[in-house]
Amino acid sequence: MKDLKHKIGWKTATAIVISNMIGTGVFTTLGFQVVELQNTITIFLLWFIGGVLALFGAFCYAELGTFFKGNGGDYIYLSKTYHPILGYLSSWISLVIGFSSPVSLAALAMAKYLSVFQGDFGTYFAIAVILLVALALSFSLSISGKFHNFFTFIKVSFVVVLIIIGVLLSQ
């Protein structure tokens, strides 16, 4: 039997995906969509189409994952299909743009949202949040998983509370 000590469970994997979608999709980009579109049906349609496209991408990755054995995701798929340099470049692009940018954007959005309660939190607050989260995720896989599960629960709860407030205020 394989050593499962260094793997996350399906609950934590789901929590990470949900957390990423809520963090970058709901708390940051939705405001821009609402300002530009001003039509609820159009926004839901865009989100539905985005969800279907993401599902197609997940199916493609599942197929690639069954074909190429090993860890590495995009790096393995591109390196073995085309050339190792494409896997290498893809990894660096993912690190710099694909992962770092959404984290920075979410931290800046958090600082902006909290500014409503007390002054301007600013960039230094966002940097401190990023460093504290990185520190919290540095100890062990178990602690990181619990951290993600807890904060995903908080995010989902917050969205549910916002929906309830919206429904109550619309009546």
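The values are calculated or read from the model by the stated rules, or taken from the named source; none is laboratory data. Given the structure is predicted, the values throughout are model-derived calculations rather than measurements. As a convention, Cβ positions derive from the backbone with ideal geometry for all residues, glycine included, and neighbour counts pool all protein chains shown. Note: accessible area is taken over every heavy atom of the protein model, side chains too, but ligands, DNA and RNA are not part of it. Shrake-Rupley method; radii C 1.70, N 1.55, O 1.52, S 1.80 Å.
Once the 1.4 Å probe is applied to the protein heavy atoms, the range 2-110 comes out at 75 Å² accessible per residue.
Which net charge results for the neighbourhood of ALA15, defined as the other residues with beta-carbon distances under 13 angstrom from its beta-carbon, given Lys and Arg at +1 and Asp and Glu at -1?
+3
Which pairs in the list LYS11/LYS155; LYS7/LYS146; LYS11/LYS69; LYS69/LYS146; LYS7/LYS112 are over 25 Å apart, alpha-carbon to alpha-carbon?
Going by Cα-Cα distance, LYS69/LYS146; LYS7/LYS112 fall outside the 25 Å limit.
Computed over the range 1-77, the quotient of the alpha carbon radius of gyration and 2.2 N^0.38 Å is 1.46. The charge dipole of the range 1-118, taken about the Cα centre with unit charges on the Cβ atoms of Lys, Arg (+1) and Asp, Glu (-1), comes to about 400 debye, rounded to the nearest 20. Ranked from largest, the principal axis spans of the Cα set of the range 27-171 equal 55, 39, 28 Å.
If you model the range 72-145 as an ellipsoid using its alpha carbon gyration tensor, with each semi-axis the square root of five times an eigenvalue, the axes come out at 33, 16, 8 Å, biggest first.
Against the chain, whose longest principal axis comes from its Cα atoms, helix 122-136 is set at around 40 degrees. These residues, HIS83, HIS148, go from largest to smallest accessible area, 1.4 Å probe, as HIS83, HIS148. Between 0 and 90 degrees, the angle of helix 100-114 with respect to the longest Cα principal axis of the chain falls at about 20 degrees. Counting only protein heavy atoms and a probe of 1.4 Å, the accessible surface of the chain is 75% carbon and sulfur. By the helix-only formula, in which each DSSP H run with n ≥ 4 contributes -39500 (n - 2.57) and the sum is divided by residues, the chain has a 222 nm mean residue ellipticity of -24000 deg cm²/dmol.
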